[in-house]
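Engineer: Here's a structure for you.
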Amino acid sequence: GALASDDVVADDFRRQCGILRCDSLQELLDSALLLSSQPLPAGNRIAVLTNAGGPGILASDALEKYGLRLAGLSEKTKRELRGVLPEEASANNPVDMIASANHETYAACVKLLLDDENTDGLFIIVVKPPVDTTPGRIAEQLKPVIENSDKPVIVTLMARRDKQAGMETFREMNVPVFSFPEDAARAAGNMLRYKKLRASTSEFENAHNHPVQTVPQNRQAPVEEVAGILRRYKMPLMPFLVTGDPEAARRFLSENGPVALKVANENVIHKSDAGLVHLNISDDQRLRKVFEKLLLQIKDYIGPEDRPQILVQKMAPSGRELVIGAKRDMQFGPVVMFGLGGIMVELMKDVSFRVAPFTLTDAREMIDEIRGAALLKGFRKYKPLNLDVPAEMLVRTGSLMLDNPQISELDMNPLIWPDDSEHPFVVDFRMTVYDSTDKNREN
C-alpha cells in the first residue's frame, strides 16, 4: 500500500514501468503479490479446482478473458480423480468436487492436478465447506503437496477470514490468497504477460554462465571485467587496451591510429576532472611522454599495493553523444536510463527511465520522451539516426541487469555516434558491483 497512494502516482508508475499496465492500484498490488510469491508458469494451461460450481465457472471465464486457458487434463488424471470424487462430481476441468469435499479430498485432487503434465498452474477455490472441515484444515493438508511443486498455485478463499481460515498457513507456504476468482485470474494473466515479456528480452542465455567477478560491495569493477560482460550483451565498444607497458601502448597506436589515454584503475571515477584523460595522441613521442606522466599521476589516487593501469583507446570520430545507464532500485529492481550523453546528462538532465524488463516498443518510447530526441531524428546539419539501434541496446541493458543481480549500477557515457556509422560506440563505461552474499542488499 505504500507503493502508491492515489491514481496520479499509479499512472506515473505504470508509464515509467512499461511492464504491466494495470488499470487500478488494486490490480497492481494483486499482480505484485502473485509475482513475488509464485514461480512463473511454463505456459497458459490452468487447472481449476473448486467445491462449488458457480465460482468455478466464474474462474474459467475470467482466465479465458485474461489470456489463460483451461488445461485439457490427461485421461490418467481424470480416471484417478473419479476414484477420489463422488459420482456426481466432475472430473473435467474445472474440477468440481461438490460441497461434500473435505480437506483430504482437496489434498488428493491438488496432487493429481499438479502432477499432470498438461497443467502449468493451479487455481484452488475454497467456498466455506458445509462438511466437517475448515479452510484452515484444508490449508494444512495442502502444505506438503504444494511445497513440493514448481508450478504456481493461487487460492481464492470465499469464506470468513477468521481463525479457521488458514491464512497463517497459506502465508507460510507463500501462497497468495484472493477473495474473488476474477481478481485472481486478472493477476494470473499479468503473471503470464510478464513471463512472455521476460522471454522476449532474454536473448543472451550464455550471459548467465559468465557473471561479473564479485568484489566487496559498492566497489567499481575492473575495466576488462566490465568490458567482458558488455561484449556478451553486444554493446559496441570502441577498441581499447589496458596496460602498464608503454611499448604495448605504442603497438596499439601503430595498429589503430590516434588514441586516447585514460587512467584505468577502477577507483578513479571522474578522470576528466582530475586531468587523467588525454585525447588525439597520434605519434610515438607524445604517447610515451603522456604515458609516463599518467603513471606518475595515478600514484596519487591508488594504494601502494595497486598497480597503475592505463587504458589506451582508439579515438572515436566526432558525433552525437548518448548515455545509457542502469541502477538497481531497492523497490522496483533494475531501472534503465536513456538520454543525451557527455556533460549534457548532468547539465540538462534530459533523461527517461523504464523498469526492466521492457520491450522494444517501450525503449522507442524512452527515446521519444527526451527533449533532445529531435537532435537524433534529424535537425539542420544532423541527419536522422536509426533509433532502433539504441532501442535494442536499451532492451539488452535491461536483460543485463536482470541476469546479473550483483551489478548495482552501470554507466555507459558517452556513446558517440558518428554520422557515417550504423551504430554508436561505447567510449567510456563503469560498473558498480557488490558482493552477492551480502544479506543487506536485495536483488
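The values are calculated or read from the model by the stated rules, or taken from the named source; none is laboratory data. Just so we're clear, the structure is a prediction, and the values are computed from it rather than from any experiment. Neighbour counts run over all protein chains shown; Cβ positions are idealised from the backbone, glycine included. Heads up: the accessible areas ignore ligands, DNA and RNA and are worked out on the full protein's heavy atoms, side chains in. Shrake-Rupley method; radii C 1.70, N 1.55, O 1.52, S 1.80 Å.
Engineer: For the subset of the range 176-232 comprising residues that are outside any helix (DSSP H, G or I) and small (Gly, Ala, Ser), which member is modelled with the lowest pLDDT? Break it down into steps so the answer makes sense when it comes.
Structural biologist: From the range 176-232, those outside any helix (DSSP H, G or I) are 176-180, 202-204, 210-222; that's our starting set.
From what's left, small (Gly, Ala, Ser): 179, 202, 221.
Values: SER179: 92, SER202: 56, ALA221: 91.
This residue is SER202.
Engineer: Looking at (1) farther than 22 Å from PRO424 by Cβ; (2) surrounded by 15 or more Cβ atoms within 10 Å (Cβ to Cβ); (3) touching a residue at least 24 places away in the same chain (Cβ under 8 Å), which is the one condition that is false for VAL259?
Structural biologist: Failed condition: (1).
Engineer: Of the residues ILE146, ILE138, which is modelled with pLDDT of 85 or more, assigned to a helix (DSSP H, G or I) and over 24 Å from ALA42 (Cα atoms)?
Structural biologist: On the way: ILE146 fails: over 24 Å from ALA42 (Cα atoms).
Among ILE146, ILE138, only ILE138 is modelled with pLDDT of 85 or more, assigned to a helix (DSSP H, G or I) and over 24 Å from ALA42 (Cα atoms).
Engineer: Testing ARG364 on (1) of a type in the set (D, E, K, R); (2) assigned to a helix (DSSP H, G or I); (3) over 20 Å from VAL426 (Cα atoms); (4) in contact with a helix residue (DSSP H, G or I) (Cβ under 6 Å, 6 or more places away or on another chain), one condition comes back false. Which one is that?
Structural biologist: That leaves (3) as the condition not met.
Engineer: Shifting gears a bit: Hand me the list of helices (runs of 4 or more DSSP H) wholly inside the range 44-119 holding 2 or more residues that are closer than 25 Å to GLY189 by Cα and open to solvent by less than 20 Å² (accessible area, probe 1.4 Å). Even if it seems obvious, please write down each step before you answer.
Structural biologist: Numbers: elements: 53-65, 75-84, 103-115.
Counting at least 2 such residues, we get 53-65, 103-115.
Engineer: Right, another one. Which pairs turn up if I take residues in the range 312-327 that are closer than 15 Å to PHE429 by Cβ and look for partners that are of a type in the set (Ser, Thr, Tyr) and crowded, with 23+ Cβ neighbours inside 10 Å with beta carbon separation below 9 Å, at least 6 apart in sequence or on another chain?
Structural biologist: Close Cβ pairs satisfying both conditions: ILE324/THR397; GLY325/THR397; ALA326/THR397.
Engineer: Conditions first: (1) modelled with pLDDT of 95 or more; (2) closer than 30 Å to GLU365 by Cα; (3) not aromatic (Phe, Trp, Tyr). ALA47 passes all but one, so which condition is the exception?
Structural biologist: (2)
Engineer: Tell me which of these VAL8 doesn't satisfy, since it passes every other one: (1) crowded, with 16+ Cβ neighbours inside 10 Å; (2) among the aliphatic types (A, V, I, L, M); (3) at pLDDT below 90; (4) not in a loop (DSSP other than H, G, I, E, B).
Structural biologist: That leaves (1) as the condition not met.
Engineer: Can I ask one more? Pull up the range 287-311, narrow it to residues that are free of Cβ contacts under 8 Å to residues at least 24 places away in the same chain and not in a loop (DSSP other than H, G, I, E, B), then point me to the one that is surrounded by the fewest Cβ atoms within 10 Å (Cβ to Cβ). Even if it seems obvious, please write down each step before you answer.
Structural biologist: Taking the range 287-311 first, the residues free of Cβ contacts under 8 Å to residues at least 24 places away in the same chain are 289, 293, 296, 299-300, 303-305.
Filter once more, keeping what is not in a loop (DSSP other than H, G, I, E, B): 289, 293, 296.
On the way: LYS289: 14, LYS293: 14, LEU296: 9.
Here the residue is LEU296.
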